[in-house]
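Student: Before I ask anything, let me first share the structure, which is written out below as C-alpha coordinates.
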Amino acid sequence: MTRSFPSANGTVPFWRTEPQELDNFQSTPNLPEESDIVIIGGGYSAAALVTHIQKQYPNHPSILVLEARQLCSGASGRNGGHIKPDPYFHASDVAAQYGPAAGAEVADFEVANLKAAKEYIEREGVDCDFVLTRAIDVHFSSAQDTRIKERLRGFKAAGVAAAQEVSEVAKDHAEIVSGVKGAQGCISFTAAHLWPYKLIHHMFTKALNHGGLNLQTNTLVNSVSPAPDSQSGWAVQTSRGTVKASKVIMASNSYTSSLLPEYKEQIIPYRGVSCHITTPGPAPLLVNTYALRFKDWDFDYLIPRPDGTIVVGGARSAYFRKKDLWYDNTNDDEVIEETRRYFDGYMQRNFRGWEKSGAEVSEIWTGIMGYSRDKLPRLGPVPDRPGMFIMAGWTGHGMPQIFLAAKGMAEMIVGDVSYRQTGLPRVFEETADRLQNAPNKVLESWYQATQGPRL
Ligand SMILES: Cc1cc2nc3c(=O)[nH]c(=O)nc-3n(C[C@H](O)[C@H](O)[C@H](O)COP(=O)(O)OP(=O)(O)OC[C@H]3O[C@@H](n4cnc5c(N)ncnc54)[C@H](O)[C@@H]3O)c2cc1C
(Lines give C-alpha, C1' and ligand atoms only; values in the text may rest on other atoms or scores of the structure.)
Protein backbone atom coordinates (compact mmCIF):
# COMPACT_ATOMS: atom_id res chain seq x y z
CA MET A 1 0.00 0.00 0.00
CA THR A 2 1.34 3.44 -0.87
CA ARG A 3 1.47 5.77 2.09
CA SER A 4 0.69 9.44 1.70
CA PHE A 5 2.49 11.64 4.18
CA PRO A 6 2.30 15.44 4.11
CA SER A 7 4.20 16.61 1.04
CA ALA A 8 7.39 18.61 1.41
CA ASN A 9 6.67 21.95 -0.24
CA GLY A 10 3.02 22.91 0.01
CA THR A 11 1.70 25.87 -1.98
CA VAL A 12 1.69 29.03 0.15
CA PRO A 13 -1.82 30.04 1.22
CA PHE A 14 -2.66 33.66 1.96
CA TRP A 15 -3.08 32.70 5.64
CA ARG A 16 0.59 31.64 5.82
CA THR A 17 2.08 34.77 4.20
CA GLU A 18 2.80 36.23 7.66
CA PRO A 19 4.44 33.31 9.52
CA GLN A 20 4.63 33.69 13.29
CA GLU A 21 7.32 32.63 15.74
CA LEU A 22 6.04 29.08 16.37
CA ASP A 23 6.04 28.19 12.67
CA ASN A 24 9.18 26.02 12.94
CA PHE A 25 9.23 25.75 16.72
CA GLN A 26 10.85 22.88 18.61
CA SER A 27 10.52 23.07 22.41
CA THR A 28 13.69 20.99 22.93
CA PRO A 29 16.61 20.21 20.60
CA ASN A 30 15.90 16.46 20.94
CA LEU A 31 12.66 14.58 21.36
CA PRO A 32 11.86 13.30 24.86
CA GLU A 33 12.20 9.52 25.26
CA GLU A 34 8.70 9.32 26.72
CA SER A 35 5.54 11.38 26.93
CA ASP A 36 2.24 10.44 28.56
CA ILE A 37 0.27 11.75 25.59
CA VAL A 38 1.52 12.10 22.01
CA ILE A 39 -0.64 14.09 19.59
CA ILE A 40 0.15 13.55 15.89
CA GLY A 41 -0.64 16.69 13.90
CA GLY A 42 -0.29 20.41 14.56
CA GLY A 43 -3.55 21.88 13.20
CA TYR A 44 -6.77 23.15 14.77
CA SER A 45 -7.62 19.72 16.22
CA ALA A 46 -4.34 19.52 18.13
CA ALA A 47 -4.53 23.18 19.21
CA ALA A 48 -8.08 22.86 20.51
CA LEU A 49 -7.34 19.54 22.21
CA VAL A 50 -4.33 20.90 24.08
CA THR A 51 -6.35 24.00 25.03
CA HIS A 52 -9.18 21.94 26.52
CA ILE A 53 -6.90 19.47 28.29
CA GLN A 54 -5.13 22.33 30.04
CA LYS A 55 -8.35 24.11 30.94
CA GLN A 56 -10.09 21.05 32.36
CA TYR A 57 -7.04 19.31 33.83
CA PRO A 58 -4.49 22.00 34.83
CA ASN A 59 -2.10 19.35 36.25
CA HIS A 60 -2.42 17.19 33.17
CA PRO A 61 -0.02 14.42 32.08
CA SER A 62 2.84 15.41 29.78
CA ILE A 63 1.89 16.16 26.15
CA LEU A 64 4.07 15.99 23.04
CA VAL A 65 2.74 17.39 19.74
CA LEU A 66 4.47 16.13 16.59
CA GLU A 67 3.90 18.00 13.34
CA ALA A 68 5.49 16.86 10.07
CA ARG A 69 5.83 20.34 8.55
CA GLN A 70 5.36 23.81 10.02
CA LEU A 71 2.72 24.53 12.65
CA CYS A 72 -0.74 24.90 11.08
CA SER A 73 0.46 23.99 7.59
CA GLY A 74 -2.21 21.35 6.85
CA ALA A 75 -5.89 22.01 6.14
CA SER A 76 -6.12 24.41 9.08
CA GLY A 77 -3.66 26.77 7.39
CA ARG A 78 -5.18 26.34 3.92
CA ASN A 79 -8.91 26.64 4.38
CA GLY A 80 -11.55 29.23 3.55
CA GLY A 81 -11.60 30.84 7.01
CA HIS A 82 -15.33 30.16 7.28
CA ILE A 83 -16.93 29.03 10.54
CA LYS A 84 -20.32 28.11 9.23
CA PRO A 85 -22.47 25.99 11.52
CA ASP A 86 -24.87 24.09 9.30
CA PRO A 87 -28.30 24.27 10.96
CA TYR A 88 -30.28 22.48 8.22
CA PHE A 89 -28.47 21.22 5.10
CA HIS A 90 -26.19 18.30 5.98
CA ALA A 91 -27.93 17.94 9.35
CA SER A 92 -31.23 17.13 7.60
CA ASP A 93 -29.41 14.38 5.68
CA VAL A 94 -28.20 13.05 9.01
CA ALA A 95 -31.78 13.17 10.30
CA ALA A 96 -33.04 11.27 7.26
CA GLN A 97 -30.47 8.52 7.73
CA TYR A 98 -30.03 8.25 11.51
CA GLY A 99 -33.28 9.74 12.85
CA PRO A 100 -34.48 13.23 13.79
CA ALA A 101 -32.70 13.28 17.15
CA ALA A 102 -29.33 12.57 15.51
CA GLY A 103 -29.83 15.37 12.97
CA ALA A 104 -30.82 17.81 15.69
CA GLU A 105 -27.77 16.86 17.77
CA VAL A 106 -25.42 17.66 14.90
CA ALA A 107 -27.09 20.99 14.05
CA ASP A 108 -27.23 22.14 17.67
CA PHE A 109 -23.64 21.00 18.26
CA GLU A 110 -22.35 23.14 15.40
CA VAL A 111 -24.23 26.22 16.58
CA ALA A 112 -22.88 25.66 20.11
CA ASN A 113 -19.36 25.39 18.66
CA LEU A 114 -19.49 28.82 17.10
CA LYS A 115 -20.73 30.30 20.35
CA ALA A 116 -17.98 28.57 22.36
CA ALA A 117 -15.22 29.55 19.90
CA LYS A 118 -16.46 33.17 19.91
CA GLU A 119 -16.44 33.24 23.71
CA TYR A 120 -12.90 31.84 23.74
CA ILE A 121 -11.64 34.37 21.17
CA GLU A 122 -13.25 37.30 23.02
CA ARG A 123 -12.15 36.15 26.47
CA GLU A 124 -8.58 35.66 25.29
CA GLY A 125 -8.56 38.78 23.11
CA VAL A 126 -7.24 36.70 20.20
CA ASP A 127 -6.12 38.88 17.30
CA CYS A 128 -7.49 36.73 14.44
CA ASP A 129 -9.85 39.00 12.46
CA PHE A 130 -12.90 37.20 13.87
CA VAL A 131 -16.21 38.60 12.54
CA LEU A 132 -19.67 37.32 13.44
CA THR A 133 -22.14 37.73 10.59
CA ARG A 134 -24.81 35.93 8.53
CA ALA A 135 -24.08 33.29 5.93
CA ILE A 136 -26.16 33.37 2.75
CA ASP A 137 -26.69 30.10 0.88
CA VAL A 138 -27.64 30.99 -2.70
CA HIS A 139 -29.60 28.68 -5.04
CA PHE A 140 -29.58 28.98 -8.81
CA SER A 141 -32.75 27.16 -9.88
CA SER A 142 -36.31 27.22 -8.58
CA ALA A 143 -36.35 23.44 -8.29
CA GLN A 144 -33.22 23.44 -6.14
CA ASP A 145 -34.53 26.33 -4.04
CA THR A 146 -37.86 24.60 -3.43
CA ARG A 147 -36.26 21.27 -2.57
CA ILE A 148 -33.78 22.75 -0.08
CA LYS A 149 -36.35 25.02 1.57
CA GLU A 150 -38.67 22.04 2.06
CA ARG A 151 -35.88 20.33 3.96
CA LEU A 152 -35.36 23.43 6.08
CA ARG A 153 -39.09 23.72 6.86
CA GLY A 154 -39.25 20.06 7.84
CA PHE A 155 -36.34 20.58 10.18
CA LYS A 156 -37.95 23.66 11.71
CA ALA A 157 -41.28 21.86 12.13
CA ALA A 158 -39.46 19.04 13.93
CA GLY A 159 -38.45 21.64 16.53
CA VAL A 160 -34.69 21.62 15.88
CA ALA A 161 -33.45 24.58 17.93
CA ALA A 162 -30.61 25.50 15.55
CA ALA A 163 -32.99 25.72 12.59
CA GLN A 164 -35.32 28.25 14.21
CA GLU A 165 -33.07 31.25 13.50
CA VAL A 166 -32.61 30.39 9.84
CA SER A 167 -34.51 32.67 7.45
CA GLU A 168 -35.59 32.35 3.83
CA VAL A 169 -35.45 34.87 0.98
CA ALA A 170 -37.79 34.29 -1.95
CA LYS A 171 -36.85 34.50 -5.63
CA ASP A 172 -38.13 38.08 -6.11
CA HIS A 173 -35.64 39.47 -3.61
CA ALA A 174 -32.85 36.91 -3.78
CA GLU A 175 -30.55 38.75 -6.16
CA ILE A 176 -30.81 42.08 -4.31
CA VAL A 177 -30.53 40.63 -0.82
CA SER A 178 -27.61 38.37 -1.72
CA GLY A 179 -25.94 40.57 -4.33
CA VAL A 180 -25.35 37.39 -6.37
CA LYS A 181 -26.26 37.42 -10.05
CA GLY A 182 -28.86 34.86 -11.09
CA ALA A 183 -29.89 33.98 -7.52
CA GLN A 184 -33.23 32.17 -7.58
CA GLY A 185 -33.65 32.04 -3.81
CA CYS A 186 -31.53 32.00 -0.69
CA ILE A 187 -31.33 31.14 2.96
CA SER A 188 -29.50 33.00 5.72
CA PHE A 189 -28.20 32.08 9.17
CA THR A 190 -25.52 33.04 11.69
CA ALA A 191 -21.87 32.29 10.82
CA ALA A 192 -18.42 33.79 11.28
CA HIS A 193 -15.08 34.19 9.58
CA LEU A 194 -11.53 34.54 10.86
CA TRP A 195 -7.81 34.07 10.18
CA PRO A 196 -7.45 30.46 11.37
CA TYR A 197 -3.62 30.44 11.50
CA LYS A 198 -3.65 33.29 14.02
CA LEU A 199 -6.17 31.53 16.29
CA ILE A 200 -4.17 28.30 16.23
CA HIS A 201 -0.90 30.10 16.96
CA HIS A 202 -2.52 31.84 19.88
CA MET A 203 -3.73 28.52 21.29
CA PHE A 204 -0.28 26.93 21.05
CA THR A 205 1.48 30.01 22.46
CA LYS A 206 -0.82 30.00 25.45
CA ALA A 207 -0.45 26.24 25.91
CA LEU A 208 3.35 26.44 25.85
CA ASN A 209 3.25 29.21 28.46
CA HIS A 210 1.00 27.06 30.65
CA GLY A 211 3.64 24.29 30.70
CA GLY A 212 3.52 20.51 30.30
CA LEU A 213 3.55 20.74 26.50
CA ASN A 214 6.44 19.89 24.20
CA LEU A 215 5.83 21.07 20.62
CA GLN A 216 7.96 19.66 17.81
CA THR A 217 7.38 20.89 14.27
CA ASN A 218 9.27 19.45 11.27
CA THR A 219 8.99 15.99 12.82
CA LEU A 220 7.37 13.33 10.68
CA VAL A 221 5.84 10.30 12.40
CA ASN A 222 6.74 7.27 10.28
CA SER A 223 4.85 4.63 12.22
CA VAL A 224 3.15 3.82 15.50
CA SER A 225 3.40 0.34 16.96
CA PRO A 226 2.80 -1.35 20.33
CA ALA A 227 5.69 -0.57 22.67
CA PRO A 228 7.95 -3.64 22.59
CA ASP A 229 9.04 -3.76 26.21
CA SER A 230 5.76 -3.25 28.05
CA GLN A 231 2.22 -4.55 28.34
CA SER A 232 0.72 -1.24 27.25
CA GLY A 233 1.61 1.93 25.42
CA TRP A 234 2.89 2.86 22.01
CA ALA A 235 6.23 3.40 20.30
CA VAL A 236 5.99 6.42 18.03
CA GLN A 237 8.76 6.29 15.41
CA THR A 238 9.66 9.66 13.93
CA SER A 239 12.20 11.21 11.59
CA ARG A 240 14.06 12.29 14.76
CA GLY A 241 13.87 9.17 16.93
CA THR A 242 11.33 7.08 18.83
CA VAL A 243 9.11 8.24 21.68
CA LYS A 244 7.20 5.97 24.04
CA ALA A 245 3.65 7.09 24.88
CA SER A 246 0.81 5.78 27.03
CA LYS A 247 -1.76 7.44 24.80
CA VAL A 248 -1.56 8.45 21.14
CA ILE A 249 -4.01 10.85 19.53
CA MET A 250 -4.42 10.85 15.76
CA ALA A 251 -5.05 14.51 14.90
CA SER A 252 -3.50 13.81 11.50
CA ASN A 253 -6.75 14.22 9.57
CA SER A 254 -6.37 13.41 5.85
CA TYR A 255 -3.05 11.59 6.38
CA THR A 256 -4.32 9.16 9.02
CA SER A 257 -4.25 6.08 6.77
CA SER A 258 -0.46 6.48 6.33
CA LEU A 259 -0.13 5.41 9.95
CA LEU A 260 -3.27 3.30 10.44
CA PRO A 261 -4.02 1.10 7.40
CA GLU A 262 -7.61 0.49 8.52
CA TYR A 263 -8.31 4.13 7.63
CA LYS A 264 -7.52 3.62 3.94
CA GLU A 265 -10.74 4.58 2.09
CA GLN A 266 -12.25 5.55 5.48
CA ILE A 267 -10.66 8.99 5.75
CA ILE A 268 -10.07 9.91 2.15
CA PRO A 269 -7.57 12.65 1.25
CA TYR A 270 -9.60 15.09 -0.87
CA ARG A 271 -7.73 17.90 -2.60
CA GLY A 272 -9.43 21.28 -2.41
CA VAL A 273 -8.63 24.77 -3.63
CA SER A 274 -9.03 28.27 -2.20
CA CYS A 275 -7.83 31.67 -3.31
CA HIS A 276 -7.48 35.25 -2.12
CA ILE A 277 -8.95 38.00 -4.29
CA THR A 278 -7.89 41.63 -4.05
CA THR A 279 -8.87 44.84 -5.86
CA PRO A 280 -6.73 47.83 -6.90
CA GLY A 281 -9.11 50.25 -5.14
CA PRO A 282 -12.22 50.20 -2.96
CA ALA A 283 -14.70 47.49 -3.98
CA PRO A 284 -18.43 47.10 -3.25
CA LEU A 285 -18.99 46.20 0.37
CA LEU A 286 -19.84 42.58 1.21
CA VAL A 287 -20.88 41.91 4.79
CA ASN A 288 -22.14 38.34 4.53
CA THR A 289 -20.37 35.07 3.97
CA TYR A 290 -21.62 32.86 1.15
CA ALA A 291 -22.19 29.45 -0.30
CA LEU A 292 -22.96 29.64 -4.01
CA ARG A 293 -24.75 26.31 -4.41
CA PHE A 294 -24.75 25.64 -8.15
CA LYS A 295 -25.54 21.93 -7.62
CA ASP A 296 -25.59 19.81 -4.49
CA TRP A 297 -22.05 18.60 -5.23
CA ASP A 298 -20.84 21.87 -6.78
CA PHE A 299 -20.67 24.84 -4.44
CA ASP A 300 -18.26 27.65 -3.65
CA TYR A 301 -17.75 29.20 -0.21
CA LEU A 302 -16.71 32.80 0.23
CA ILE A 303 -15.81 35.18 3.03
CA PRO A 304 -15.29 38.94 2.86
CA ARG A 305 -12.24 39.84 4.94
CA PRO A 306 -12.26 42.91 7.20
CA ASP A 307 -9.61 44.48 4.92
CA GLY A 308 -12.05 44.40 1.98
CA THR A 309 -10.41 41.43 0.26
CA ILE A 310 -12.12 38.10 -0.42
CA VAL A 311 -11.27 34.45 0.24
CA VAL A 312 -13.18 31.98 -1.90
CA GLY A 313 -12.89 28.24 -2.35
CA GLY A 314 -14.55 25.44 -4.23
CA ALA A 315 -14.29 25.47 -8.04
CA ARG A 316 -15.46 21.86 -8.16
CA SER A 317 -17.05 22.29 -11.59
CA ALA A 318 -13.51 22.89 -12.91
CA TYR A 319 -11.97 19.64 -11.70
CA PHE A 320 -14.35 17.34 -9.78
CA ARG A 321 -15.17 15.14 -12.76
CA LYS A 322 -11.49 14.19 -13.09
CA LYS A 323 -11.35 12.01 -10.01
CA ASP A 324 -7.56 11.60 -9.92
CA LEU A 325 -7.17 15.35 -9.44
CA TRP A 326 -8.76 15.20 -5.99
CA TYR A 327 -9.71 11.73 -4.73
CA ASP A 328 -7.06 10.11 -2.51
CA ASN A 329 -4.73 12.90 -3.60
CA THR A 330 -2.35 14.50 -1.05
CA ASN A 331 -0.51 16.79 -3.43
CA ASP A 332 -0.78 20.29 -2.01
CA ASP A 333 2.51 21.22 -3.73
CA GLU A 334 0.77 22.31 -6.92
CA VAL A 335 -2.23 24.37 -7.91
CA ILE A 336 -4.82 22.61 -10.07
CA GLU A 337 -4.46 24.58 -13.30
CA GLU A 338 -8.18 24.33 -14.19
CA THR A 339 -9.05 26.24 -11.01
CA ARG A 340 -6.88 29.23 -11.91
CA ARG A 341 -9.10 29.84 -14.93
CA TYR A 342 -12.22 29.25 -12.84
CA PHE A 343 -11.35 31.97 -10.30
CA ASP A 344 -10.21 34.43 -12.94
CA GLY A 345 -12.92 37.17 -13.03
CA TYR A 346 -14.90 35.34 -10.32
CA MET A 347 -16.24 38.40 -8.48
CA GLN A 348 -17.05 40.22 -11.74
CA ARG A 349 -19.01 37.18 -12.97
CA ASN A 350 -20.98 36.44 -9.83
CA PHE A 351 -21.49 39.62 -7.79
CA ARG A 352 -23.54 42.68 -8.70
CA GLY A 353 -21.54 45.89 -8.83
CA TRP A 354 -18.13 44.17 -9.08
CA GLU A 355 -17.92 44.34 -12.90
CA LYS A 356 -15.41 47.20 -12.93
CA SER A 357 -13.71 46.39 -9.63
CA GLY A 358 -10.51 45.07 -11.21
CA ALA A 359 -10.72 42.17 -8.73
CA GLU A 360 -8.09 39.52 -9.32
CA VAL A 361 -6.58 36.50 -7.64
CA SER A 362 -3.49 37.37 -5.62
CA GLU A 363 -2.81 33.95 -4.04
CA ILE A 364 -4.23 30.54 -4.92
CA TRP A 365 -3.43 27.32 -3.09
CA THR A 366 -4.39 23.69 -2.66
CA GLY A 367 -5.10 21.92 0.63
CA ILE A 368 -6.01 18.40 1.62
CA MET A 369 -9.32 17.77 3.36
CA GLY A 370 -9.93 14.54 5.25
CA TYR A 371 -13.24 13.30 3.87
CA SER A 372 -14.81 10.67 6.03
CA ARG A 373 -16.32 7.82 4.03
CA ASP A 374 -19.76 8.37 5.59
CA LYS A 375 -19.22 12.16 5.67
CA LEU A 376 -19.24 12.27 9.48
CA PRO A 377 -16.27 13.12 11.73
CA ARG A 378 -14.60 10.27 13.60
CA LEU A 379 -14.11 10.83 17.33
CA GLY A 380 -13.11 8.66 20.26
CA PRO A 381 -11.03 5.55 20.93
CA VAL A 382 -9.69 3.75 17.84
CA PRO A 383 -11.26 0.26 17.76
CA ASP A 384 -8.84 -2.54 18.72
CA ARG A 385 -5.99 -0.15 19.55
CA PRO A 386 -6.09 0.42 23.33
CA GLY A 387 -4.81 3.84 24.35
CA MET A 388 -5.17 5.27 20.84
CA PHE A 389 -7.74 7.95 19.99
CA ILE A 390 -8.84 9.70 16.83
CA MET A 391 -10.24 13.15 16.08
CA ALA A 392 -10.30 13.46 12.31
CA GLY A 393 -12.41 13.04 9.19
CA TRP A 394 -13.92 16.53 9.25
CA THR A 395 -15.04 16.28 5.63
CA GLY A 396 -14.07 19.84 4.74
CA HIS A 397 -16.16 21.23 7.60
CA GLY A 398 -14.03 21.13 10.74
CA MET A 399 -14.13 24.79 11.71
CA PRO A 400 -17.63 24.64 13.30
CA GLN A 401 -16.98 21.24 14.92
CA ILE A 402 -13.44 21.02 16.25
CA PHE A 403 -13.55 23.37 19.26
CA LEU A 404 -16.15 21.46 21.27
CA ALA A 405 -15.14 18.09 19.80
CA ALA A 406 -11.79 18.73 21.49
CA LYS A 407 -13.53 19.35 24.83
CA GLY A 408 -15.15 15.92 24.66
CA MET A 409 -11.91 14.33 23.48
CA ALA A 410 -10.04 15.83 26.46
CA GLU A 411 -12.60 14.26 28.80
CA MET A 412 -12.14 10.84 27.18
CA ILE A 413 -8.35 10.99 26.98
CA VAL A 414 -7.50 12.49 30.38
CA GLY A 415 -10.73 12.13 32.35
CA ASP A 416 -11.34 8.52 31.20
CA VAL A 417 -15.04 9.25 30.61
CA SER A 418 -16.96 7.25 28.01
CA TYR A 419 -17.93 8.68 24.62
CA ARG A 420 -21.61 8.80 25.64
CA GLN A 421 -20.81 10.79 28.77
CA THR A 422 -19.14 13.54 26.74
CA GLY A 423 -22.42 14.54 25.08
CA LEU A 424 -20.78 14.68 21.65
CA PRO A 425 -23.11 13.86 18.73
CA ARG A 426 -23.65 10.10 18.75
CA VAL A 427 -23.10 9.75 15.01
CA PHE A 428 -19.54 11.12 15.33
CA GLU A 429 -18.43 8.21 17.52
CA GLU A 430 -15.81 5.98 15.89
CA THR A 431 -16.88 2.34 15.95
CA ALA A 432 -15.73 -0.97 14.48
CA ASP A 433 -19.04 -1.12 12.62
CA ARG A 434 -18.42 2.21 10.87
CA LEU A 435 -14.91 1.13 9.93
CA GLN A 436 -16.23 -2.04 8.34
CA ASN A 437 -19.63 -1.20 6.93
CA ALA A 438 -20.03 2.49 6.11
CA PRO A 439 -20.91 3.18 2.46
CA ASN A 440 -18.55 5.41 0.47
CA LYS A 441 -20.65 8.56 0.17
CA VAL A 442 -17.73 10.50 -1.27
CA LEU A 443 -17.67 8.26 -4.32
CA GLU A 444 -21.47 8.33 -4.46
CA SER A 445 -21.33 12.13 -4.87
CA TRP A 446 -18.80 11.70 -7.65
CA TYR A 447 -20.97 9.16 -9.46
CA GLN A 448 -23.94 11.51 -9.19
CA ALA A 449 -21.89 14.37 -10.59
CA THR A 450 -20.43 12.42 -13.47
CA GLN A 451 -22.99 9.80 -14.37
CA GLY A 452 -26.23 10.31 -12.49
CA PRO A 453 -28.93 12.93 -12.89
CA ARG A 454 -27.62 16.50 -12.75
CA LEU A 455 -28.49 17.59 -9.22
C1 LIG B 1 -8.91 24.22 0.66
C2 LIG B 1 -9.66 23.97 1.95
C3 LIG B 1 -10.70 24.81 2.32
C4 LIG B 1 -11.40 24.58 3.49
N5 LIG B 1 -12.35 25.48 3.89
C6 LIG B 1 -12.99 25.29 5.07
C7 LIG B 1 -13.89 26.27 5.57
O8 LIG B 1 -14.01 27.37 5.01
N9 LIG B 1 -14.60 25.99 6.69
C10 LIG B 1 -14.43 24.78 7.37
O11 LIG B 1 -15.15 24.53 8.33
N12 LIG B 1 -13.50 23.91 6.98
C13 LIG B 1 -12.77 24.12 5.86
N14 LIG B 1 -11.83 23.23 5.48
C15 LIG B 1 -11.57 22.07 6.35
C16 LIG B 1 -10.80 22.47 7.61
O17 LIG B 1 -9.66 23.23 7.24
C18 LIG B 1 -10.41 21.20 8.37
O19 LIG B 1 -11.59 20.51 8.73
C20 LIG B 1 -9.61 21.47 9.63
O21 LIG B 1 -8.60 22.42 9.42
C22 LIG B 1 -9.01 20.17 10.16
O23 LIG B 1 -8.09 20.44 11.18
P24 LIG B 1 -7.12 19.30 11.66
O25 LIG B 1 -6.23 19.87 12.68
O26 LIG B 1 -7.91 18.08 12.05
O27 LIG B 1 -6.31 18.88 10.35
P28 LIG B 1 -5.05 19.58 9.67
O29 LIG B 1 -5.09 21.03 9.82
O30 LIG B 1 -4.91 19.00 8.31
O31 LIG B 1 -3.86 19.08 10.59
C32 LIG B 1 -3.35 17.77 10.52
C33 LIG B 1 -1.84 17.90 10.65
O34 LIG B 1 -1.29 16.61 10.83
C35 LIG B 1 0.00 16.62 10.27
N36 LIG B 1 0.38 15.24 10.03
C37 LIG B 1 -0.28 14.32 9.29
N38 LIG B 1 0.39 13.16 9.26
C39 LIG B 1 1.48 13.34 10.03
C40 LIG B 1 2.57 12.50 10.37
N41 LIG B 1 2.65 11.24 9.93
N42 LIG B 1 3.52 13.00 11.18
C43 LIG B 1 3.44 14.27 11.68
N44 LIG B 1 2.43 15.11 11.34
C45 LIG B 1 1.48 14.65 10.53
C46 LIG B 1 -0.20 17.41 8.97
O47 LIG B 1 1.03 17.92 8.49
C48 LIG B 1 -1.18 18.47 9.40
O49 LIG B 1 -0.56 19.69 9.73
C50 LIG B 1 -11.09 23.45 4.32
C51 LIG B 1 -10.00 22.64 3.97
C52 LIG B 1 -9.29 22.89 2.79
C53 LIG B 1 -8.13 22.01 2.47
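Student: Go from 0 up to the bin containing the longest alpha carbon distance in the chain, width 20 Å each, and give me the % of pairs per bin.
Tutor: With 20 Å bins starting at 0, P(r) equals 25, 60, 15, 0.
Student: Report the extension gain between R352 and Q436 in nm, rounded to one decimal, defined as 0.36 nm multiplied by the number of residues separating them, less their alpha carbon distance.
Tutor: Roughly 25.4 nm would be gained on extension.
Student: Quick one: net charge around A102, please, counting Lys, Arg +1 and Asp, Glu -1 for every other residue with C-beta under 12 Å from its C-beta.
Tutor: Its environment carries a net charge of -3.
Student: Compute the angle between helix 89-98 and the longest alpha-carbon principal axis of the chain, please, reported from 0 to 90 degrees and rounded to the nearest 10.
Tutor: 60 degrees
Student: With +1 on the Cβ of every Lys and Arg and -1 on the Cβ of every Asp and Glu, and nothing else charged, how large is the dipole of the chain about its Cα centre, in debye rounded to the nearest 20?
Tutor: Dipole of the chain, to the nearest 20 debye: 740 debye.
Student: Which of the peptides 249-255, 60-66, 213-219 is most tightly packed, and how do the rest follow, judged by the mean count of other Cβ atoms within 10 Å per residue?
Tutor: Those peptides, ordered most packed to least, come out 249-255, 60-66, 213-219.
Student: Let me ask something else. Explain nothing, just the number: relative contact order of the stretch 1-112, from Cα pairs under 8 Å at least 6 residues apart, as a whole percent.
Tutor: Relative contact order here is 26 percent.
Student: Okay, moving on. Taking R0 as 56 Å, what's the FRET efficiency between D344 and Q421 from their Cβ-Cβ distance, rounded to 0.05?
Tutor: Calculated transfer efficiency: 0.65.
Student: Please list, ordered by chain and number, the residues whose modelled amide H lies under 5 Å from the amide H of L64; skip anything fewer than 5 residues away on the same chain.
Tutor: Amide H neighbours of L64, under 5 Å, 5+ apart: I37, V38, I39, N214.
Student: So, by mean Cβ neighbours within 10 angstrom, what's the order for 34-40, 110-116 with the highest one leading?
Tutor: Descending packing order for the listed peptides: 34-40, 110-116.
Student: Give me the net charge for the shell around N9: Cβ to Cβ below 12 angstrom, other residues only, Lys and Arg +1, Asp and Glu -1.
Tutor: Neighbour charge sum, excluding N9 itself: -2.
Student: If the reach is capped at under 13 angstrom between alpha carbons, list the aspartates and glutamates near K323, excluding any in the same chain fewer than eight residues apart.
Tutor: E444
Student: Check Y371: other-chain or 5+ apart residues with amide H under 5 Å from its amide H, H built from backbone geometry?
Tutor: Close amide H contacts, sequence-distant or interchain: I268, Y270, T395.
Student: Taking H placed 1.01 Å from N in the peptide plane, check which residues at least 5 places from I136 or on another chain put their amide H under 5 Å from its amide H.
Tutor: Answer set, sorted by chain and number: T289, Y290, A291.
Student: Using 0.36 nm per residue of separation minus the Cα-Cα distance, give me the extension gain between R134 and E265 in nm, one decimal.
Tutor: Result: 43.7 nm gained on full extension.
Student: With a 1.4 Å probe and all protein chains kept in place, how much accessible area does Y120 have, in Å² rounded to the nearest 10?
Tutor: 10 Å²
Student: Name the residue from S92, L213, P280 whose Cα lies farthest towards the positive end of the charge dipole of the chain, charges +1 on Cβ of Lys and Arg and -1 on Cβ of Asp and Glu.
Tutor: S92
Student: Using a probe radius of 1.4 Å on heavy atoms only, what accessible surface per residue do you get for the chain? Whole Å² is fine.
Tutor: 39 Å²
Student: If you don't mind, another one. Once phi is turned into θ = phi - 60°, what whole-Hz ³J(HN,Hα) does the Karplus curve with 6.51, -1.76 and 1.60 give for every residue of the stretch 302-316, x standing for Gly and Pro?
Tutor: Calculated HN-Hα couplings, in order: 9, 10, x, 7, x, 8, x, 8, 10, 10, 9, x, x, 6, 4 Hz.
Student: Anything over 28 Å Cα to Cα? Flag those among K247/K441; K156/K375; K247/K375; K84/K198; K55/K247, in the order listed.
Tutor: With Cα atoms farther than 28 Å apart: K247/K441.
Student: For each pair in K264/K407; K264/K295; K244/K322, compute the distance between the two Cα atoms and list the pairs where it is over 32 Å.
Tutor: Beyond 32 Å between Cα atoms: K244/K322.
Student: Provide the per-residue ³J(HN,Hα) series for the stretch 246-263, in order, calculated from phi with Karplus coefficients 6.51, -1.76, 1.60 and θ = phi - 60°, each as a whole number of Hz, with x at glycine and proline positions.
Tutor: Calculated HN-Hα couplings, in order: 6, 10, 10, 10, 8, 10, 9, 6, 5, 9, 4, 5, 5, 9, 10, x, 5, 8 Hz.
Student: If each DSSP helix of 4+ residues adds -39,500 (n - 2.57) and the sum is divided by the residues in the chain, what number results at 222 nm, nearest 500 deg cm²/dmol?
Tutor: -9000 deg cm²/dmol
Student: Please list, or write none, the aspartates and glutamates whose alpha carbon is within less than 18 Å of the alpha carbon of K181, excluding same-chain residues fewer than 8 places away.
Tutor: K181 reaches D137, D145, E168, D172, D298, D300, D344, E355.
Student: Quick check: net charge around W195, other residues with Cβ under 14 Å of its Cβ, Lys/Arg +1 and Asp/Glu -1?
Tutor: Value of the local net charge: -1.
Student: While we're here: As a test question: what accessible area, to the nearest 10 Å², does R426 have when a 1.4 Å probe is rolled over all protein chains in place?
Tutor: About 110 Å², rounded to the nearest 10.
Student: Sticking with this structure for a sec: For the chain, find the longest principal axis of its Cα atoms and tell me its angle to the long axis of helix 402-413, 0 to 90°, nearest 10.
Tutor: The answer is roughly 20 degrees.
Student: Using θ = phi - 60° and the Karplus relation 6.51 cos²θ - 1.76 cosθ + 1.60, list the HN-Hα couplings for the stretch 191-203 in order, rounded to whole Hz, with x at every Gly or Pro.
Tutor: 8, 8, 9, 6, 9, x, 3, 5, 4, 5, 4, 4, 4
Student: For the chain, what proportion of DSSP beta bridges, expressed in % and rounded to the nearest 5, is antiparallel?
Tutor: 70 percent
The values are calculated or read from the model by the stated rules, or taken from the named source; none is laboratory data. As the structure is a prediction and not an experimental result, all values here were calculated from the model. Ideal geometry is used to build each Cβ from the backbone, glycine not excepted, and the neighbour counts take in all protein chains shown. Just the protein is used for accessible areas: all its heavy atoms, side chains included, with ligands, DNA and RNA removed. Shrake-Rupley method; radii C 1.70, N 1.55, O 1.52, S 1.80 Å.
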